[in-house]
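Structure first, commentary second.
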Amino acid sequence: METCWKQESPIVVHGRITGGWRSATATKPEEDEGPFLAEERSLIDAVAERLGRTIERVRADEALRKSEEKYRLLFEKMLESYTLYEVIPDDAGSPADYRIIELNEKAAAVFGHSRDELVGRRLFDIFPAIREGAGVIYGEVAETGVPAQRRLQEPKTGRWYDLHIYRPGLGGSSSRDRRSPGRRRLNSPSGRARGGSGDLRAGRDRDRAHRPGGRIMRMNPAFVRMFGYDEDELHSMLFQDLIYPPEREAAWALLRKTASGESARREKRYVTKDGRIIWGRLTTSPLCDPEEKGLVIGMVEDVTDRREMQNALRESEERFREIAQRSFDMIYTCYADRGITYISPAVTRILGYTPEEMIGVQCSDYVLEKSRHEWLEADARIARGEPVEGMLVEIRRKDGTAAAVEMNESPIMEGGRVVGVQVVGRDVSDRKRYEDMRLQAFYQIEQNIEQFAVLADHIRLPLQVILGMADLTDDAKTSEKIREQVERINGIVKQLDEGWVESREIREFLRRNELV
């Protein structure tokens, strides 16, 4: 209903007012009191403040999730294979095998199985023949943290692989390979039981009151459930006893600050009666009741689930960012209004520019005119929200030469519209040069076949005439000499025939194997 007796408290997100919480009453206020009592105004302000914090958290979680999705998409679109492993130690604690945690489609193709079939399996169960060679190299990297690069042959198929092996972060091991998998240990969040979660209803908030000395005076049932102690046990405990030991000193300083008259808010780790470590958001304020002077009120909201979700997303983002940083491929993100916002270090090897030189530029400015048509076609597909794979364009290097780059592109969507593109590009200049040489060789073979056939026909006919004239001559010695030379020329013609057959066989082999 419409009423003129209203109060509004601003909702502040990251220091900026982004909205408001408005409360109204149909009861006419008394003179000079305003529409709400002091306690009611305080509650309205508290609701607005809680909403602001909630919005901050939701936005931060969403931003982190989008970032993780972006890097995961890049991981899937990489032109090189990549596998993440967990190190499996033996009884002595040394690396003995490597369990597949995650891999992209390129790596699954190398293994010859689907991703679902591979996740959770051990590397040496799949490729037992590489245990001796790869096991030593992987183990050294896992134990020392020193990256390694090797070329190994898979005995069963005879394929050769360039392995790039590294250990990302503490306690992990990782490997990347331009055609084969990488490995890594992951620190997954533990799944543990939760105490409930607080909300805006007073009956569900975790609150307690304690003296500055730290002794807990009173608590509500939600607080009892959260920590698992009964009320008698909590009465005999100090505030610090519930704090995770490494953080107790900081918590004690917060308590002293609150006792001096300042309110405060922190996120801290706590230890429950059964030994679980939980995250709680602690809000403290001095109790203003004159009859209970010196007491501090605290509210603890269980935020363990959110913390672990954030940590898992952050670890995932860092993992995929590290993959991008170490990738042999050039990986970049480009927005229509901001240009390139991220580009991997591989750009220096491929194009000669540093990543810093490329931030803010549009990659289209570096596309050579001969590749402009393909580039515009790909842009049109991205604008429709379609991915682009296997596009081959020539890009100008810093030294002015041209680099042939094969690209996979994926649209970046925000609010249902395309705002940018994510690109994985590989320098295929050498491959293109070899392909051109192979095509030239094939063309030369075609020319040889035609020349062999023509030469053989052109030579055989005159030889038959010469041979017939030798039969007509009366000089036996001259006739024999002619026959010898004809036989010699026939031998050369036979070599031409053999060259023609050989060239034709080579041509058919190239065609059968789709090499031309």
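Bear in mind that the values in this text are calculations on the coordinates, not laboratory data. As the structure is a computational prediction, the values presented were derived from the model and not from experiment. Every residue, glycine among them, receives a Cβ derived from its backbone with ideal geometry; neighbour counts consider all protein chains shown.
To the nearest 0.05, how large is the calculated FRET efficiency for Ala402 and Ser94 if R₀ is 56 Å and r is the Cβ-Cβ distance? Given R0 = 56 Å and the Cβ-Cβ separation, E is 0.70.
With charges only on Cβ, +1 for K and R and -1 for D and E, what is the dipole size of the stretch 78-177 about its Cα centre, in debye, rounded to 20? Can you show the working numbers first?
Details: 12 positive and 16 negative charges, 54 e Å.
That gives the stretch 78-177 a dipole magnitude of about 260 debye.
Multiplying each eigenvalue of the alpha-carbon gyration tensor of the stretch 329-427 by 5 and taking the square root yields semi-axes of 21, 15, 11 Å, largest first, rounded to whole angstroms.
May I ask you to sort Met309, Met219, Met391, Met469 by Cβ crowding, counting other Cβ atoms within 10 Å and putting the fewest first? Working shown, then result.
Numbers: Met309 15, Met219 21, Met391 18, Met469 11.
With the fewest neighbours first, Met309, Met219, Met391, Met469 line up as Met469, Met309, Met391, Met219.
Compute the label zone of Arg265 within the stretch 49-81: residues whose backbone N is under 15 Å from the point 7 Å along Cα-to-Cβ. The answer is 49-60. For the residue pairs Lys77/Lys370; Lys77/Lys432; Lys70/Lys106; Lys370/Lys432; Lys70/Lys268, the C-alpha atoms sit more than 23 angstrom apart in Lys77/Lys370; Lys70/Lys268. Neighbour counts of C-beta atoms inside 10 Å place Met226, Met299 in the sequence Met299, Met226, starting with the fewest. Within the shell defined by Cβ-Cβ distances under 11 Å, the residues around Val367 carry a net charge of -2, with Lys and Arg each +1 and Asp and Glu each -1.
Could you give the length gained by full extension between Glu357 and Ala109, i.e. 0.36 nm per residue of separation minus their alpha carbon distance, to one decimal place?
Working: separation 248, 0.36 × 248 = 89.28 nm, distance 3.55 nm.
Result: 85.7 nm gained on full extension.
Need the full-extension length gain, Leu439 to Arg381, defined as separation in residues times 0.36 nm minus the C-alpha distance. One decimal, nm. Each step should come with its number before you reach the end.
Working: separation 58, 0.36 × 58 = 20.88 nm, distance 3.06 nm.
Taking Leu439 through Arg381 to full extension adds about 17.8 nm, to one decimal.
Shown for Phe239, Phe36: other C-beta atoms within 10 Å of each C-beta, ranked fewest to most, produce the order Phe36, Phe239.
Tell me the Kirkwood radius of the stretch 78-177: reciprocal of the mean inverse pair distance over distinct alpha-carbon atoms, in Å. Before the final figure, lay out the partial values.
Working: mean 1/r = 0.0734 Å⁻¹.
Result for the stretch 78-177, one decimal place: 13.6 Å.
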